[in-house]
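Presented below is the structure to which this report refers.
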Amino acid sequence: MAEGNQNARGSRRREASDGAGAGRGLTLRSMIIAVVLLIAANIWMKYAALVTLSSQVAMSVPPIPALMGLILLLAVRPLGGAVRLSRRELLFVYVFLTLSVALTSGGALREFMPEMTALRYFATPENGWAEFAEHVPSWLAPTDADVIRDYYEGSEAGVPWRHWLVPLTSWSALFLLLLGSLLCAALLFYDEWSERERLAFQLTEIPLSMTAPHEAGRKIPLLWADPVMWIGFGLVALYNGLNILHAFNPGVQALGLSYPLGGLFTERPWSALSDLSVEYRPEVFGLGYLMPQEVVVSTLVFYGILKLEGVGALALGYDIPRFPHAYSQASGSFVALALILIFVARHRLAEIFRDALAGRGRADRMWAAWGLLIGLAGIFVWCRAAGLSALTAVMFFGVLLLMALTYARIRAETGLPLQWGYPVSRANMMLTSCFGTDLFKRHGGVPNLTIYYMSWFLTRGYLPNLSAYHFEGLRIAGEGGIRRREMVITLLLAIVLGMAVSYVVQLGAYYDYGASFLEGGTHGGGMRVAAARYGFTLLKQAAGPGIKRDMGETLATIWGIAVTIGLTVLRARVARFPLHHLGFVIGVTRGYRAWGPLLLAAMLKSLAIRLGGVSLYRRLVPAAIGVVLGHFVVGGGLWSIAALFGGEAFRRYQVWFG
């Protein structure tokens, strides 16, 4: 007994000396370091994703600057002094950076920026966009012609903040209400998912294992001392290294980024598989090894079925455009799964809200319940003030929030590292496909349609889906000994400061270089400008002849709902039912990008279990994490930094994430 107590005390002393068992994560020094790294990450993003278009470092899951920041802090930690952060401080910095850096990415605030100016800048007598611009309230967009022209063409005068302050503040209020509401929802659902359902939150294994407490006598955390991790790291570093050498010398044999299989299928009906390809995504392979095997296998099965649906249609003589309407099936599945999640938790949620309204119960749950109610009410008031009809606001933001909940569930249960792993643009297109735009024109007229399509970036991008970082932050707090209240403050700080720094850096880039010439743009604007212009092209059509209901897309949406509900019921009623509803959701949404690495991960896991049982599978987990780290560090971190300074030759090998 005495020996056991002595060992326990020794263990506690080691934890205290390492900072793992004492102190706070949110301290003055950790906050200063986090903000400095956030500014550096935005500058990195500015040149990598806007100016040179060499890599989308902020789109990865987790964002590469957050991961590199954590590695940097671990590297300088032995120096001691102010840079020797405790484990809790390290985890605070990491969580802060994952959310705040993701906000700067091409699917979040960078997706939003052109929406405020594109209507006026690209207006012509032929397209009539100037008429729509008159329906945009002055507090939502700058109106000065010179300010807008300089945004797209560049100016030596810098950013005219006087014209931008009110619009940015107005939109930021909506973003804070939206992400704040989703944070409250995360607080309400997290205990259900973590304690009752025992979800794994695989993505949190990366920072938790990287900062694991030191072993007695060792100077580095356990993961970094594991040779198995370095094997995985080295293999993917070799993969990226050969691709880099091939970019300079085509004679060097390398795998590249993908391998097209469509050339094998040229005859009907197999020509429906002409777009089939294998994408090499080491991060999906590494985290796919940690995913539940039944989800991985189900994803492969349902993606295969999806492709065979197209083959079957051609075999029967039906050459239907866009069939089998994969994204509409995905839209239905996302909405259905979110409603199922709410239904499953209905009794617990009802109890929490009853207690909150009565002023009793746990303080964190009470504040979360009230926060969600206030946040949703605030979104509704904002929408009505902007010009959206009540019907449009409820339908559009209702679908957005439901899809965000489903995406967070996918991340929590599988750890799938695809930021674009949701039905892109479908919160808008699903509504117009099922109901047509005449419904929205009758309820609010052209002003309603204008704000509806001005808000299209919320579904074209993934800003609501950043709520997945809320769940992962809560998990890291629980595993890292950080108080939940402190983690909530961390996430709110990340939202506010992430927006502020992003606006300064991105607007600075646009006025320095011109939005028309960034992100690969040549006078007409890059990807985000093109997306905004496409949305307003739809507005022109909706306000004119209208966008009619599409029966094929509607039936596909209904099919996605029915299959998701059916699979959920079968899994609940039939013991050992082999197919998982998340496999269907992932398969029809991003199966075309994930199937190759997931197939390899499933084969490796099966082989490991067959040869060495669960012990061998677990022994290879560090290698899987090493694969993820190696790809992000070498292919995303070091190479993208080199490409910033190396010129055009360095951009022949572009690694895209998300």
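The values are calculated or read from the model by the stated rules, or taken from the named source; none is laboratory data. Just so we're clear, the structure is a prediction, and the values are computed from it rather than from any experiment. With ideal geometry, Cβ positions are generated from the backbone for all residues, glycine too; neighbour counts draw on all protein chains shown.
Can you name every residue in region 634-654 that is modelled with pLDDT under 85 and either surrounded by fewer than 17 Cβ atoms within 10 Å (Cβ to Cβ) or not aromatic (Phe, Trp, Tyr) (or both)?
Narrowing region 634-654 to residues modelled with pLDDT under 85: 643-654.
Passing the criteria: ALA643, LEU644, PHE645, GLY646, GLY647, GLU648, ALA649, ARG651, ARG652, GLN654.
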Criterion violated by PHE536 - all others in (1) under 25 Å from the mean Cα position of the chain (by Cα); (2) surrounded by fewer than 18 Cβ atoms within 10 Å (Cβ to Cβ); (3) in contact (Cβ under 8 Å) with a residue 24 or more places away in the chain satisfied | (2)
Of ALA41, ALA34, ALA66, ALA58, which residue is of a type outside the set (Ser, Thr, Tyr), at pLDDT 85 or above, under 22 Å from the mean Cα position of the chain (by Cα) and outside any helix (DSSP H, G or I)?
-> ALA58
Answer with yes or no whether PRO447 is out of contact with any Ser or Thr (no Cβ under 6 Å at 6 or more places or on another chain), surrounded by fewer than 24 Cβ atoms within 10 Å (Cβ to Cβ), within 21 Å of ALA531 (Cα to Cα) and in contact (Cβ under 8 Å) with a residue 12 or more places away in the chain.
-> yes
Can you work out which of the residues in region 329-388 that are surrounded by 14 or more Cβ atoms within 10 Å (Cβ to Cβ) and of a type in the set (Phe, Trp, Tyr) is nearest to ALA572 (Cα to Cα)?
-> PHE334
Answer from VAL57, VAL35 - the residue that is closer than 13 Å to VAL101 by Cα, in contact (Cβ under 8 Å) with a residue 12 or more places away in the chain and surrounded by fewer than 19 Cβ atoms within 10 Å (Cβ to Cβ) | VAL35
Of the numbered conditions (1) in contact with a helix residue (DSSP H, G or I) (Cβ under 6 Å, 6 or more places away or on another chain); (2) crowded, with 20+ Cβ neighbours inside 10 Å; (3) farther than 30 Å from ASP146 by Cα, VAL488 satisfies every one except a single condition; which is it?
-> (1)
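With a cut-off of at least 3 residues that are more than 19 Å from ALA185 (Cβ to Cβ), name the helices (runs of 4 or more DSSP H) lying wholly within region 438-529.
On the way: elements: 438-442, 445-454, 457-460, 468-480, 484-513.
Filter on region 438-529 gives 438-442, 445-454, 484-513.
Filter region 384-395 down to the residues that are touching a Phe, Trp or Tyr at 6+ places or on another chain (Cβ under 8 Å) and touching a residue at least 60 places away in the same chain (Cβ under 8 Å) and list them by number.
At the first step, the residues of region 384-395 found to be touching a Phe, Trp or Tyr at 6+ places or on another chain (Cβ under 8 Å) are 388-394.
LEU388, THR392, listed by residue number.
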Inside region 243-264, can you point out the residues that are in a helix (DSSP H, G or I), surrounded by 15 or more Cβ atoms within 10 Å (Cβ to Cβ) and of a type in the set (A, V, I, L, M)?
-> ILE244, LEU245, ALA247
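Any residue that is more than 19 Å from PHE397 (Cα to Cα), touching a residue at least 40 places away in the same chain (Cβ under 8 Å), part of a helix (DSSP H, G or I) and of a type in the set (A, V, I, L, M) - is there at least one of those in region 353-361? Lay out the reasoning, then the answer.
Here is the first cut: in region 353-361, the residues more than 19 Å from PHE397 (Cα to Cα) are 353-361.
Now restrict to residues that are touching a residue at least 40 places away in the same chain (Cβ under 8 Å): none.
No, region 353-361 contains no residue that is more than 19 Å from PHE397 (Cα to Cα), touching a residue at least 40 places away in the same chain (Cβ under 8 Å), part of a helix (DSSP H, G or I) and of a type in the set (A, V, I, L, M).
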Residue that is outside any loop (DSSP other than H, G, I, E, B), surrounded by fewer than 17 Cβ atoms within 10 Å (Cβ to Cβ) and in contact (Cβ under 8 Å) with a residue 12 or more places away in the chain, where the choices are LEU235, LEU187, LEU177 = LEU235
Check on ALA200, within 16 Å of GLU472 (Cβ to Cβ), surrounded by fewer than 20 Cβ atoms within 10 Å (Cβ to Cβ), hydrophobic (A, V, I, L, M, F, W, C) and in contact (Cβ under 8 Å) with a residue 60 or more places away in the chain = yes
Report whether or not VAL311 is under 26 Å from the mean Cα position of the chain (by Cα) and in a helix (DSSP H, G or I).
-> no
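Sort out which residues of region 408-436 are farther than 19 Å from LEU177 by Cα, assigned to a helix (DSSP H, G or I) and not charged (D, E, K, R), and write them in order of number.
First, the residues of region 408-436 that are farther than 19 Å from LEU177 by Cα: 409-426, 428-436.
Adding the requirement that they be assigned to a helix (DSSP H, G or I) leaves 409-414, 426, 428-435.
Matches in region 408-436: ILE410, ALA412, THR414, ASN428, MET429, MET430, LEU431, THR432, SER433, CYS434, PHE435.
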